[in-house]
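Everything on this sheet refers to the single structure shown next.
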Amino acid sequence: MFLLLPFDSLIVNLLGISLTVLFTLLLVFIIVPAIFGVSFGIRKLYMKTLLKIFAWATLRMERGAKEKNHQLYKPYTNGIIAKDPTSLEEEIKEIRRSGSSKALDNTPEFELSDIFYFCRKGMETIMDDEVTKRFSAEELESWNLLSRTNYNFQYISLRLTVLWGLGVLIRYCFLLPLRIALAFTGISLLVVGTTMVGYLPNGRFKEFLSKHVHLMCYRICVRALTAIITYHDRKNRPRNGGICVANHTSPIDVIILASDGYYAMVGQVHGGLMGVIQRAMVRACPHVWFERSEVKDRHLVAKRLTEHVQDKSKLPILIFPEGTCINNTSVMMFKKGSFEIGATVYPVAIKYDPQFGDAFWNSSKYGMVTYLLRMMTSWAIVCSVWYLPPMTRETDEDAVQFANRVKAAIARQGGLVDLLWDGGLKREKVKDAFKEEQQRLYSKMIVGNHEDRSRS
């Protein structure tokens, strides 16, 4: 029989005591508050402390750069080219006015100088593309002690380097294991809890348990990211029979919203761990999952969603109409499918604070595992969520116009740029229709003016 030496026995006892204390702290300060939806304010105190450290680090970096005559990189948040919102016709009029004696009103025919407008627009797009820069991480003006968030990261002083190294140790040796443990706890409870609830007969008791199991598990997962979320106008939260639409920055958008509300998810059936979670969730709650072969069938998808929202006893559907993740600076084109159904739409604006960690998922650059590792080694995820008043489609507008109206409201509330471009341009080439639209506008300007003049 193997006997432990006194020193080995002491180490085992200390390890056992440490694990017991750690589990007790997790239970008392994280898991139990998550169950009841309360907070002790520890995360907000942690956030305020980080802000003071970031401010000191940024000032020290700027002072060190000034001493060494280094030019600090300053990101251009509004682009490097000043652009005025003028129309094609107005700009060509200005070009003709400055370079030719012929005005557009008097001479509707083609002028060689017109090509300068298209050349300038092309050069502006190459130098300052407002689309592709929405698919890269937002550059910070201040330094948050994460080397991946600021181009100015370099050796400045011993104190700053020691502080950065201490931050690495805290994030990777303390926060990362703690967050992985919490994420494992939240996902395990979600699978086990929803599976058990699924065996209960349908009724109010099952719905009550299902709601609180979902909320509890999502709140634990939120704490696994040290997420600090501020919800505004909760009186406008989505209700049964409606559709909740939000701008999309990250896969964790789902967790952010589901930790404050009870939603029916929409998505494709997956295999592996995700498939296990989906099968467990659908037992307890009527989520809408599609087989891979069904996803591209627009009529089938619309039919399933319509059937769901027409039943006012079913949960509101959570949808991200952009169809892809956009860095948290803008909102891109909303797909019209969810706006054709005729249900009440509950817009939600989500805005992340990149000072503590960049929530944007660049799916063309990072896989899901790498992305989650970056999330769990950030300082925190801080965001604000605004519930906007419900909106319905008006009698004189089509689905596209309704989608644009909802998108504009979300962009305005979240302080985001409202873009008409399709987020699918992240992986696809520009459609010929966009180029043809410019040709059509120019042709209409020339031919249309000529026809009007002939009639007169």
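The values are calculated or read from the model by the stated rules, or taken from the named source; none is laboratory data. Given the structure is predicted, the values throughout are model-derived calculations rather than measurements. No Cβ is skipped: glycine too gets one built from the backbone with ideal geometry, and neighbour counts run over all protein chains shown. Side chains are part of the model used for accessible areas, which takes the heavy atoms of the whole protein and leaves out ligands, DNA and RNA. Shrake-Rupley method; radii C 1.70, N 1.55, O 1.52, S 1.80 Å.
For this structure, a couple of remarks:
- Solvent-accessible area, 1.4 Å probe, carbon plus sulfur percent, for the stretch 239-290: 61 percent
- Among the GluC sites (Glu not before Pro) in the stretch 330-412, those placed in a DSSP loop whose Cβ has at most 15 other Cβ atoms within 10 Å are Glu394, Glu397.
- Placed amide H near Phe290: partners under 5 Å, 5+ positions off or other chain: Gly267, Gln268, Val269
- Within the assembled protein chains, the solvent-accessible surface assigned to Leu372 is about 70 Å², based on a 1.4 Å probe.
- Heavy-atom accessible area for Lys235, with the other protein chains in place and a 1.4 Å probe, reaches approximately 150 Å².
- For Arg159 and Phe208, a Förster radius of 56 Å and the Cβ-Cβ distance give a FRET efficiency of 0.55, rounded to the nearest 0.05.
- Fully extending the segment from Lys336 to Ile42 would add 101.6 nm, taking 0.36 nm per residue of separation and subtracting the current Cα-Cα distance.
- FRET efficiency, Ser313 to Val192 (Cβ-Cβ, R0 25 Å, nearest 0.05): 0.45
- Note on Leu59 and Lys235: the model spin-label points, each 7 Å out from Cα along the C-beta direction, lie 4.2 nm apart.
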